[in-house]
Amino acid sequence: MGDRANFGFRQGNGDTIYLYGHWAGHQMMARLADAIIAADRRWHDESYATRIAISNIIGDEWDQEYSWGIATYIGDNEHSVPVVEWCTERVILYPHDWSTGVDFDDPKFVMTFQQFLDKFAKVLV
């Protein structure tokens with residue numbers, strides 16, 4: 001049982017770091033938007049931006065043994081997977097299906113950061 005979600009952070013070399021949250025599906029897009037805002041001064045530096053965004057999403061749960069994981073692959077999943085591209089300042093949402101997994105060939109949407117933030121951010125900017 002859970003509300004499993006993954007957040008991707010694609011690096012300039014094409015590698016993607018995934019944050020897995022066992023209970024992260026609820027308002028996942030708003031959480032990601034707020035994390036992108038938190039990293040706004042470091043968007044040009046993907047290693048810092050990724051760390052800031054992940055820290056923001058996890059919040060005060062860093063000391064929990066369960067709930068969060070970080071990997072180079074998608075963990076258990078129940079939702080479409082948003083992937084942040086710092087170098088292009090875009091968020092791409094890839095559909096997920098239980099039988100086939102994530103479809104990286106046909107995204108549900110591609111939005112600039114500004115479009116994504118306008119649509120999903122809870123934080124007033």
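Key figures for this structure:
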quantity	calculated
Filtered residues of the range 32-64 (kept if among the charged types (D, E, K, R) and at positive phi)	none
Some residue of the range 8-20 being surrounded by 19 or more Cβ atoms within 10 Å (Cβ to Cβ) and in a loop (DSSP other than H, G, I, E, B)	no
Top-ranked residue in the range 24-56 [being small (Gly, Ala, Ser) and open to solvent by 30 Å² or more (accessible area, probe 1.4 Å); ranked as nearest to Asp3 (Cα to Cα)]	Ser55
Residues located in the range 101-120, provided they are modelled with pLDDT of 95 or more and open to solvent by less than 60 Å² (accessible area, probe 1.4 Å)	Pro107, Phe109, Met111, Phe113, Phe116, Leu117, Phe120
Neighbours by Cβ (under 7 Å, 6+ apart or cross-chain): first from the range 59-88, in contact (Cβ under 8 Å) with a residue 12 or more places away in the chain; second of a type in the set (Lys, Arg)	Asp76/Arg4; Asn77/Arg4; Glu78/Arg4; Ser80/Lys108; Val83/Arg10; Val84/Arg10; Glu85/Arg10
From Ile58, Ile17, Ile54, Ile37, residue being out of contact with any Asp or Glu (no Cβ under 6 Å at 6 or more places or on another chain) and closer than 18 Å to Gln115 by Cβ	Ile37
Residue, nearest to the chain's Cα centre (by Cα), within the range 66-100, restricted to residues that are polar (S, T, N, Q) and surrounded by 12 or more Cβ atoms within 10 Å (Cβ to Cβ)	Ser80
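The values are calculated or read from the model by the stated rules, or taken from the named source; none is laboratory data. The structure displayed is predicted, hence computed values, not measured ones. Because the Cβ atoms are built from the backbone with ideal geometry, glycine has one as well, and the counts that use them run over all protein chains shown. Just the protein is used for accessible areas: all its heavy atoms, side chains included, with ligands, DNA and RNA removed. Shrake-Rupley method; radii C 1.70, N 1.55, O 1.52, S 1.80 Å.
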